[in-house]
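Every number in this text was worked out from the coordinates using simple rules, so none of it is lab data. This one's a predicted model, so the numbers in the text were calculated from it and none came from an experiment. Ideal geometry is used to build each Cβ from the backbone, glycine not excepted, and the neighbour counts take in all protein chains shown.
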C-alpha cells in the first residue's frame, strides 16, 4: 500500500510525457505519424501545430487521459485530509478509470500510429478548427471533466471505506469547485466560438454535443452545493455520493456522444461505432459498479445532521432538486430524437 502514492505520481508523469511527445511530433511536422499527416501541415503557424495535437479524436483522448493522470498525481501529492484507507481507495478508483481509457487509446485510438511511406506534407487542420479557441476550449472542458472524475473517485473511496463525513467533503470540494470553474470557462468559450465561427445567430443552439457539456455542468453545480452542506453541516451524505456518481456519468455520456457517432453534430470527434461501443462498455463498468456499490453501502451511511426546510440548507436542497430536474429534461431532450 505504500506504493500507491508513488505509482499515481509515476502514472501522471508518464501520461504527461506521452502528451508532450505528441505535441513535439506536431511541432516538428513529423509526417511519418498518421495523426500528424492527417491533421497538420508544415506551413501552419506554431499555435495551430500545438493545438492540432488535440484537434482530433486520438489526440484529444490522449489529452483527456493526460489530465486524468496528472490530476491523480496531484491528489497523491497534495491530499492530506483524508484517512489513509480512504485515500488509497480513492487513488485506486482513479487508477481504474485511467486504466480503462489507456486501454481505449491502445486498442482503438493509438495517436502514435505510423504511416509508411510518409507523405511529403500533411492534409492540414480542419478549417473550422483553425481558431485560437482550439487552444483554449478543449483543454478547459477536459480539466472540468477530470475534476468531476476526481470527485467520483473520492465518492467511491468513501463508500468502500464507509468514511463519509465532513473530512471527505472538504477533500472533495476543491476538486468540484475547480471542475465547475473550468467547465464554465470551457462552455462559455465554446459558445462564443460557435457564435462567430458557425453563424448560428445565438450563443446556444442545443446541439447534442453542447448539451453533453451542459449536463455535467448542471450536475457539478448541484454537487458543489451539496458537498458544501456536507462539509459545513454534515448533512446530505447519501445525496452527495449519488450526485458525484451522476456528475461523472454525465461526463461519460458526453464522451460517448462526442465519439460514437450516435448523434449528428458539428462538434463530433469521431463516428466510429467500435469506439463508441468501447466507451459504452467503460460507462457500464464504472457507473454500474458505482451504483451497485452505492446500493450496498447506502444503508450504512449515517443520515448526518438534519435541518429545517426553511433554512439555508433547505434552500440548497431545493436548488439541487431544480438542477436535477433541468438535467433530466436536457438528457431526455438530447437522447430522445
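Figures for the structure shown
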read-out: Folded to 0 to 90 degrees: helix 57-78 orientation relative to the chain principal axis, Cα; value: 40
read-out: Most mobile listed residue (169, 219, 194) in the chain, GNM with C-alpha springs under 10 Å; value: 194
read-out: Net length gained if the chain between residue 116 and residue 10 were fully extended (0.36 nm per residue, minus Cα distance); value: 34.9 nm
read-out: Stretch gain in nm, segment residue 163-residue 206, where the contour uses 0.36 nm per residue and the Cα spacing is subtracted; value: 11.5 nm
read-out: Which of 251, 60 has the fewest Cβ neighbours within 10 Å, and the rest in rising order; value: 60, 251
read-out: Length released on extending from residue 232 to residue 296, taking residue separation times 0.36 nm less the Cα-Cα span; value: 20.4 nm
read-out: Rounded tilt (10° steps) of 273-297 against the dominant C-alpha axis of the chain; value: 10
read-out: Crossing angle, helix 312-335 versus the chain [Cα axis fit, 0-90 degrees, rounded to tens]; value: 40
read-out: Two-site FRET efficiency, residue 192 against residue 336, from Cβ-Cβ distance with R₀ of 25 Å, rounded to 0.05; value: 0.35
read-out: Förster radius 30 Å - calculated FRET efficiency between residue 135 and residue 319, Cβ distance, rounded to 0.05; value: 0.30
read-out: Residue of 63, 283, 34 that the Gaussian network model of the chain assigns the largest fluctuation, springs spanning Cα pairs under 10 Å; value: 34
read-out: Sequence-separation-based contact order of the chain, relative, with Cα cut under 8 Å and 6+ spacing, percent; value: 17
read-out: Most mobile listed residue (318, 179, 171) in the chain, GNM with C-alpha springs under 10 Å; value: 318
read-out: Residue exposure sequence - 84, 28 - by fewest surrounding Cβ within 10 Å; value: 84, 28
read-out: Order of 90, 232, 161, 255 - criterion: other Cβ atoms within 10 Å of each residue's Cβ, fewest first; value: 232, 161, 255, 90
read-out: Per-selection metrics, the chain (Cα): Rg and Dmax in Å; value: 20.4, 71
read-out: Region 75-216: radius of gyration and largest Cα-Cα distance (Dmax), Å; value: 19.4, 60
read-out: The chain, helix-only ellipticity at 222 nm - DSSP H runs n ≥ 4, -39,500 (n - 2.57), divided by all residues, nearest 500; value: -25500 deg cm²/dmol
read-out: Relative contact order [Cα under 8 Å, 6+ residues apart], region 52-145, whole percent; value: 47
